[in-house]
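First the structure, in the form of structure tokens, and then the observations on it.
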Amino acid sequence: MFSERLKNLRLAKHLTQSEMAQTFMITVRAYQYYEAGKREPTIEMLCKLADFFDVSLDYLCGRNEK
């Protein structure tokens, strides 16, 4: 659920995976792994992503729909 939500949020802002990686100072491959569900971000990165997209951690992790 996390990987799908992350991808949908990125696409809604019309950003590329490369732009996301650059924004969060990680490699493009690391970001791609997040969206592919091959790697889970740290809690610190989860918080940064939630803040960036202005969503709750519960939403980002698939625990609620708001």
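Data for the structure
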read-out: Of residues in region 47-66 being aliphatic (A, V, I, L, M) and closer than 21 Å to Thr16 by Cβ, the one most open to solvent (accessible area, probe 1.4 Å); value: Val55
read-out: Residues that are open to solvent by 50 Å² or more (accessible area, probe 1.4 Å) and within 11 Å of the chain's Cα centre (by Cα), drawn from region 24-35; value: Gln32, Tyr33
read-out: Only one of Leu6, Leu11 that is among the hydrophobic types (A, V, I, L, M, F, W, C) and loosely packed, with under 15 Cβ neighbours inside 10 Å; value: Leu11
read-out: Residue match in region 10-23 (condition: under 14 Å from Cys61 (Cβ atoms), under 11 Å from the mean Cα position of the chain (by Cα) and at pLDDT 95 or above); value: no
read-out: Tally of residues being hydroxyl-bearing (Ser, Thr, Tyr) and outside any helix (DSSP H, G or I) across region 7-61; value: 4
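The values are calculated or read from the model by the stated rules, or taken from the named source; none is laboratory data. Please read these numbers as outputs of a predicted model, since none were measured by experiment. Note that each Cβ is placed from the backbone with ideal geometry, even for glycine, and that neighbours are counted across all protein chains shown. Heavy atoms of the whole protein, side chains included, go into the accessibility calculation; ligands, DNA and RNA do not. Shrake-Rupley method; radii C 1.70, N 1.55, O 1.52, S 1.80 Å.
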